[in-house]
Protein chains: 2
Amino acid sequence: MARDRRGGSPPPTAVSTDLTRRARIRDAGLRLFSERGTEGATVRDIARAASVSPGLVRHHFGSKEGLRAACDAFVLERGTEIKERALFQGELDQPELLLMHRYLARSMVEGSGAAASMFDRLVQATQLWLERHAPSETPDPRGRAALLIAMELGALVMREVLSRALGSDTLSPEGSLRVARAKLELYSQPLLSADAAARARAAMDALGERLDAAAAGEGRPATGAGDPGG
Amino acid sequence: MARDRRGGSPPPTAVSTDLTRRARIRDAGLRLFSERGTEGATVRDIARAASVSPGLVRHHFGSKEGLRAACDAFVLERGTEIKERALFQGELDQPELLLMHRYLARSMVEGSGAAASMFDRLVQATQLWLERHAPSETPDPRGRAALLIAMELGALVMREVLSRALGSDTLSPEGSLRVARAKLELYSQPLLSADAAARARAAMDALGERLDAAAAGEGRPATGAGDPGG
DNA sequence: TAGGAAGCTATACGCTCGTATCGTAGGCTC
DNA sequence: GAGCCTACGATACGAGCGTATAGCTTCCTA
């Protein structure tokens with residue numbers, strides 16, 4: 001992925017950016033995949049966005065799926081690096097980080113292969129964060145972390161409707177500040193009173209026992225309960 | 001949408017279910033749209049799932065978009081009814097409710113028109129729920145509710161990766177119980193200490209002031225901060 | 001300085017999609 | 001029972017997709 005500039009019809013002048021054409025294609029793929037999904041983003045569109053012929057996409061990445069895999073790999077590699085920089089050096093307002101997030105969120109909705117491993121990685125990091133900053137004697141720390149990450153990413157995926165409902169773009173400075181404040185609100189005070197929580201816990205324990213009993217005798221199934229409002 | 005049964009190639013015998021063919025198409029659309037998205041679900045597949053010719057889809061709904069609109073309308077209408085029944089009569093384990101949820105979540109990811117209005121409706125209901133059960137002197141109750149709903153739906157959309165990470169299907173009795181417990185955990189105890197919350201709040205206030213100042217003089221933008229682990 | 005390798009475009013093939021059109025069968029109205 | 005409306009299937013069409021291939025240009029190497 002180092003700098004290289006060779007042959008081709010257009011004479012070797014700088015073309016819009018100083019990136020390799022290969023890198024330009026990858027970046028365009030990253031952006032269009034996260035905006036429109038794997039199906040929605042066509043090779044031709046990606047090529048156009050990179051100011052390149054569709055054939056070149058195939059030349060460099062073999063196939064659309066190949067480009068997809070390359071994007072996955074890139075996010076997996078650079079993503080963690082960028083995220084660490086953001087977390088530990090406070091460089092939070094990187095548009096690159098946002099792009100990675102959006103790409104990941106899309107991938108996870110669509111169930112891409114690399115998305116799953118990235119999700120696992122995020123869950124593990126979150127679990128560590130939770131153990132350090134929000135300890136709890138929960139019997140299922142991994143479940144707690146996984147659900148939190150899924151919900152976090154959800155807010156990103158729902159960006160469009162969320163923006164509409166709030167009246168301001170979630171990605172704009174004002175909108176993201178508003179979301180950040182709301183998130184702070186949600187994270188700093190419990191939604192359920194100790195009373196309600198205890199009642200819900202009891203109900204779930206009962207359900208769990210019923211489930212265990214059913215497992216032994218192939219009884220009727222039962223689904224979850226107890227979420228506020230949604 | 002009443003019962004009707006007229007002409008057609010197959011003699012008037014009962015076909016697989018007792019639903020109108022029109023209703024069968026709508027149901028298949030509901031299912032396939034929520035499983036594969038608007039692009040992923042083809043008219044031919046939907047027709048096959050409904051044991052019907054592709055032409056009949058067009059006949060009844062005009063176009064694929066028409067079918068989509070009909071599904072939206074159905075969810076908008078029946079959805080609230082079902083949800084109310086679920087909430088107020090405790091009938092939580094309806095597979096129909098789950099289908100509606102999944103359809104909605106997909107719609108919102110894809111930004112369908114009706115999804116937006118449904119989202120608004122959900123936000124309003126959640127806001128009421130929050131005011132009653134988790135009062136707070138937040139300056140932005142609507143923002144809090146909207147974010148909560150977006151995150152709730154996110155967990156649904158991320159079902160695939162979430163299931164993979166947890167090791168058990170989120171929709172199975174065991175899996176959904178586990179998710180419900182994790183959710184209870186998250187909702188019943190704050191993730192941020194009063195200390196950390198105060199610090200974050202101060203940082204956001206500072207950011208907000210900087211933003212207001214910039215608004216007057218067209219200064220440089222700045223993006224949000226302060227989310228745990230994600 | 002000849003020749004192969006790499007970057008790149010242009011063009012075309014085959015497939016699948018949404019949609020349009022036509023033909024047919026049954027029920028309703030007068 | 002003639003005429004018409006509605007339900008429905010079969011077939012076809014054009015567009016857009018991913019992909020294959022051929023050919024040109026430039027650089028590297030021997």
Just to check I understand the Karplus step: with θ = phi - 60° and J = 6.51 cos²θ - 1.76 cosθ + 1.60, what whole-Hz values come out for the range B:95-104, glycine and proline as x? x, 4, 4, 4, 4, 4, 4, 5, 4, 4
Expressed in angstrom and rounded, the centroid-to-centroid distance over alpha carbons for the range A:135-186 and the range A:101-120 is 17
Teacher prompt: residue B:59 distances to equivalent labels in other copies, 7 Å Cα→Cβ, nm: 5.2
Between chain A and chain B, with a rotation axis joining them, whose C-beta in A is nearest that axis, and what is the whole-Å distance? A:154, 0
Nm distances between the label at residue A:95 and the same-position labels in the remaining copies, 7 Å along Cα→Cβ, shortest first? 4.8
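Would you list B:42, B:138 from the most to the least accessible area, probe 1.4 Å?
B:42, B:138
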Going residue by residue through the range B:164-169, the Karplus relation 6.51 cos²θ - 1.76 cosθ + 1.60 with θ = phi - 60° gives ³J(HN,Hα) values, rounded to whole Hz and with x marking Gly or Pro, of 4, 5, 7, x, 8, 4
Descending packing, highest mean Cβ count within 10 Å first, for A:27-36, A:141-150 is A:141-150, A:27-36
Mind listing the label-point distances from residue B:81 to the same position on all other copies, shortest first, one decimal in nm, points 7 Å along Cα→Cβ? 5.7
Chain lengthening between residue A:203 and residue A:53 when straightened (0.36 nm per residue, less Cα-Cα): 48.0 nm
Counting other chain Cβ atoms within 10 Å of each Cβ in B:136-146 and taking the mean gives 6
Give, in nm to one decimal, the length gained when the segment between residue B:132 and residue B:35 is fully stretched (0.36 nm per residue of separation minus the Cα-Cα distance). 31.5 nm
How would you order B:104-111, A:160-167 from highest to lowest mean count of nearby Cβ atoms within 10 Å? B:104-111, A:160-167
In whole Hz, with x marking every Gly and Pro, tabulate ³J(HN,Hα) for the range A:22-27 from phi via Karplus 6.51 cos²θ - 1.76 cosθ + 1.60, θ = phi - 60°. 4, 5, 5, 4, 4, 5
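The values are calculated or read from the model by the stated rules, or taken from the named source; none is laboratory data. Keep in mind that what you see is a predicted model, and the values were worked out from it rather than measured. Cβ atoms come from the backbone with ideal geometry, glycine included; neighbour counts cover every protein chain shown. The area values use the complete protein model at the heavy-atom level, side chains included, leaving out ligands, DNA and RNA. Shrake-Rupley method; radii C 1.70, N 1.55, O 1.52, S 1.80 Å.
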